[in-house]
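Undergrad: Please find one structure pasted underneath; my questions will follow.
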Amino acid sequence: MIRIGYGMDVHKLVEDRKLILCGIEVPHTFGLLGHSDADVATHALMDALLGALALGDIGKLFPDTSEEYRGADSVELLKVVMEHVSEHGYRLGNTDITIAAQRPKLRPYIDLMRENLAAAMNASVDQISVKATTTENLGFVGEELGMSAYAVCLLIKA
Ligand code: MG
């Protein structure tokens with residue numbers, strides 16, 4: 001039996017924050033604002049995994065009103081989500097993530113991101129796809145006010 005999941009997330013770009021995507025710090029003049037490390041890509045991925053099992057969303061699991069999750073490393077939260085996946089008797093088939101960002105160029109970091117997520121998810125790199133796109137200077141992403149990320153995943157009955 002297989003189950004499909006989908007997740008999306010948006011965070012605002014601000015000065016004086018690190019830019020963390022898929023757990024990798026990407027050098028940039030702006031970073032994403034959020035209660036945790038604001039790793040928009042990992043958040044979309046976690047919502048896809050939780051969605052596949054109809055377990056709600058990351059806001060339910062890790063409330064942003066909780067001091068426990070202030071500045072949280074989202075990849076550590078992803079490991080917790082993967083524990084839920086195994087407890088429900090599923091394993092990752094594959095995931096495909098798209099990050100929408102006008103700048104900086106993410107290509108040099110894509111393989112690092114895939115390796116980092118694969119390690120956190122106990123998966124192999126070929127199960128993890130990470131892609132990046134600009135939005136041709138259009139909308140909030142194009143105007144560099146924020147970034148968005150979208151993820152789908154397939155879970156397979158273990
Ligand atoms: Mg988020």
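Undergrad: Show the residue pairs meeting these rules: Cβ distance below 7 Å; 6+ apart or different chains; first residue within the stretch 102-124 and basic (Lys, Arg) and in a helix (DSSP H, G or I); second residue open to solvent by less than 30 Å² (accessible area, probe 1.4 Å) and at pLDDT 95 or above.
TA: Arg114/Ile128; Arg114/Val130
Undergrad: Condition first: away from the ligand (no atom under 16 Å from the Cβ) and either among the hydroxyl-bearing types (Ser, Thr, Tyr) or not in a helix (DSSP H, G or I) (or both). Can you find one or more residues in the stretch 62-85 that meet it?
TA: No, the conditions are met nowhere in the stretch 62-85.
Undergrad: Confirm whether Gly89 is in contact with a strand residue (DSSP E or B) (Cβ under 9 Å, 6 or more places away or on another chain) and at negative phi.
TA: The answer is no for Gly89.
Undergrad: Pull out all pairs, ordered by first then second residue, where Cβ-Cβ is under 6 Å, the residues are six or more apart or on different chains, the first lies in the stretch 38-60 and is touching a residue at least 60 places away in the same chain (Cβ under 8 Å) and open to solvent by less than 20 Å² (accessible area, probe 1.4 Å), and the second is within 13 Å of the ligand (Cβ to nearest atom) and acidic (Asp, Glu).
TA: Close Cβ pairs satisfying both conditions: Val40/Asp9; His43/Asp9; Ala44/Asp9.
Undergrad: Pull up the stretch 94-109, narrow it to residues that are out of contact with any helix residue (DSSP H, G or I) (no Cβ under 7 Å at 6 or more places or on another chain) and either at pLDDT below 95 or under 27 Å from Leu53 (Cβ atoms) (or both), then point me to the one that is least open to solvent (accessible area, probe 1.4 Å).
TA: Checking each candidate, the answer is Thr98.
Undergrad: Restricting to the stretch 2-18, and then to whatever is on the phi < 0 side of the Ramachandran plot and assigned to a loop (DSSP other than H, G, I, E, B), can you tell me which residue is least open to solvent (accessible area, probe 1.4 Å)?
TA: This residue is Arg17.
Undergrad: Follow-up. Among what's in the stretch 19-36 and is away from the ligand (no atom under 15 Å from the Cβ) and in a loop (DSSP other than H, G, I, E, B), pick the residue that is farthest from Leu92 (Cα to Cα).
TA: The qualifying residue farthest from Leu92 (Cα to Cα) is Thr29.
Undergrad: May I ask you to list pairs of residues, at least six apart or on different chains, whose Cβ atoms are under 8 Å apart, with the first in the stretch 74-86 being touching a residue at least 40 places away in the same chain (Cβ under 8 Å) and the second being of a type in the set (S, T, N, Q) and buried (at least 21 other Cβ atoms within 10 Å of the Cβ)?
TA: Ser74/Ser36; Ser74/Thr42; Val75/Thr42; Val75/Asn116; Leu77/Ser36; Leu77/Thr42; Leu78/Thr42
Undergrad: Please enumerate the residues belonging to the stretch 37-56 that are within 22 Å of Ala120 (Cβ to Cβ) and away from the ligand (no atom under 15 Å from the Cβ).
TA: Ala52, Leu53, Leu55
The values are calculated or read from the model by the stated rules, or taken from the named source; none is laboratory data. Because the structure is a prediction, the values reported are computed rather than measured. All Cβ positions, even for glycine, are placed from backbone atoms using ideal geometry, and neighbour counts span all protein chains on display. To get the accessible areas, we keep the full protein, side chains included, count just its heavy atoms, and leave off ligands, DNA and RNA. Shrake-Rupley method; radii C 1.70, N 1.55, O 1.52, S 1.80 Å.
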